[in-house]
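Data first, discussion second: the structure below is written as structure tokens.
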Amino acid sequence: MKKTVLFLTLILAIAFVGSAFASKNVLEFAGGKQGKVTFDGKAHFEKVKDCGKCHKGDGAFPMKKPGAEGAAKITAPHKAGEFCGKCHDGKTAFDVTKADSCAKCHKK
């Protein structure tokens, strides 16, 4: 019984620590002429509460290192339903295809 409780406690601790670290990622991308883009993983996690929504199955961003085969390479112009546009569609969040949305992510 003690081993089972210890094992379950360990599994829960790993799960919570893993998601805490993952949700604090801040990534920067060059962003081209529009200016760099800073992606705040914690802010997105606080809204969605589910890393798998973007990183598993048909999510927008598979868990791959940048530059690795199959890693996301976001290009312009942004398209509805691709990458950020899967959620930033004007319904779930602001629409990345609208010209007045650029400054919400791109900073010069």
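The values are calculated or read from the model by the stated rules, or taken from the named source; none is laboratory data. Keep in mind the model is a prediction, meaning the values are calculated, not measured. Cβ: placed from backbone, ideal geometry, glycine included. Neighbour counts: every protein chain shown.
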Note to self: Quick test for you: out of Asp58, Asp100, pick the one residue that is over 17 Å from Gly32 (Cβ atoms) and at pLDDT below 85.
What the structure shows: Asp58
Checklist line | Residue list for the stretch 70-102, restricted to those being over 21 Å from Lys47 (Cα atoms) and surrounded by fewer than 12 Cβ atoms within 10 Å (Cβ to Cβ) | finding: Gly70, Lys73, Thr75, Pro77, Ala99, Asp100
Check: Would you call Asp40 more than 19 Å from Asp89 (Cβ to Cβ), acidic (Asp, Glu) and modelled with pLDDT of 85 or more?
Finding: yes
